[in-house]
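Remarks on the structure that follows.
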Amino acid sequence: MLTEYLPILLFLIVSLFFSVGIMSLSFLVSPHKPSDEKLSPYECGFEPFEDARTKFDIRFYLVALLFIIFDLEVAFLFPWAVSLNEIGPFGYFSMMIFLFFLTIGFIYEWKKGALDWE
């Protein structure tokens, strides 16, 4: 019984040694010359100037909602389009309801001005 798991254990051991070896090799070979640019914050493009607990502009949240709307749409439309012949009219109309709600969210974003950049 346990001999059936031997290839899995062997695979885990080999992959562990391989990954630790590659990471150690990259750490040893890579240059270690930190500069001011490498140590500076790069997420937002400018130095932090206030407390991190300040309020964000609402546009950040609106852009996040817009991303979720389009991400969900793409994530669900591809499998739906592939299996449209098999799911029939029920699948078609349920996707139309889903797209209707996504359109309402898009219209909300548009009315709030998330698409208008200053």
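Report the residue count in region 13-38 for those that are surrounded by 10 or more Cβ atoms within 10 Å (Cβ to Cβ) and of a type outside the set (Phe, Trp, Tyr). Explain how you work it out, then say what you get.
Residues of region 13-38 that are surrounded by 10 or more Cβ atoms within 10 Å (Cβ to Cβ), as a first pass: 13-25.
Filter once more, so that each one left must be of a type outside the set (Phe, Trp, Tyr): 13-16, 19-25.
Residues in region 13-38 being surrounded by 10 or more Cβ atoms within 10 Å (Cβ to Cβ) and of a type outside the set (Phe, Trp, Tyr): 11 in total.
Which residue out of Leu28, Leu39 is of a type outside the set (D, E, K, R), at pLDDT 90 or above and either farther than 30 Å from Leu115 by Cα or in contact with a Gly (Cβ under 6 Å, 6 or more places away or on another chain) (or both)? I'd like the intermediate steps shown before the answer.
Values: Leu39 fails: at pLDDT 90 or above.
After ruling out the rest, the residue left standing is Leu28.
Looking only at region 83-118, count how many residues are of a type in the set (A, V, I, L, M, F, W, C), part of a helix (DSSP H, G or I) and under 18 Å from Asp57 (Cβ atoms). I'd like the intermediate steps shown before the answer.
Narrowing region 83-118 to residues of a type in the set (A, V, I, L, M, F, W, C): 84, 87, 90, 93, 95-102, 104, 106-107, 110, 114-115, 117.
So of that shortlist, the ones also part of a helix (DSSP H, G or I) come out as 84, 87, 90, 93, 95-102, 104, 106-107, 110.
With the extra rule that they be under 18 Å from Asp57 (Cβ atoms), the set shrinks to 110.
Qualifying residue count, region 83-118: 1.
The values are calculated or read from the model by the stated rules, or taken from the named source; none is laboratory data. For clarity, every value in this text was computed on a predicted model and none was experimentally measured. So basically every Cβ, Gly included, is an ideal-geometry build from the backbone, and we count neighbours across all protein chains shown.
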